[in-house]
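Data first, discussion second: the structure below is written as structure tokens.
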Amino acid sequence: MDKQDECLSRVVVNTMAREFHLYSDDGDCKHVKCETLDEFMNVLDFCRKLLDEDTLKFVDPMQPILDHKDL
């Protein structure tokens with residue numbers, strides 16, 4: 001499949017680490033690490049405007065993540 005046909009299937013937000021993990025329907029994963037709180041909030045607001053509840057997921061801040069592949 002051409003990369004232009006690739007669709008975003010899931011976004012996992014780690015609020016404690018200010019990170020976003022974007023998954024495509026082809027299984028690719030992109031990692032976005034925000035340096036500042038303002039940057040994080042801008043990306044989060046953008047995601048909330050564009051994505052539904054089934055696509056946008058949040059990591060439980062009380063549950064430590066051992067490996068990114070577990071997201």
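So how do 33, 57 rank on accessible area, 1.4 Å probe, biggest first, that is with the largest at the start?
Values: 33 100, 57 70 Å².
Ranked list, largest accessible area first: 33, 57.
Around residue 20, under 10 Å between beta carbons, what's the net of Lys plus Arg minus Asp minus Glu among the other residues?
Details: positive: 18, 30, 33; negative: 19.
That works out to +2.
Output wanted: per-residue J couplings in Hz (rounded whole) for the range 20-28, from phi through Karplus 6.51 cos²θ - 1.76 cosθ + 1.60, θ = phi - 60°, x for Gly and Pro.
Karplus-based 3J(HN,Hα) across the range 20-28 equals 10, 10, 9, 10, 9, 5, 8, x, 6 Hz.
The values are calculated or read from the model by the stated rules, or taken from the named source; none is laboratory data. Note that this is a predicted model, so its numbers are computed, not measured. Neighbour counts run over all protein chains shown; Cβ positions are idealised from the backbone, glycine included. Areas reflect the complete protein model, heavy atoms only, side chains present, ligands, DNA and RNA absent. Shrake-Rupley method; radii C 1.70, N 1.55, O 1.52, S 1.80 Å.
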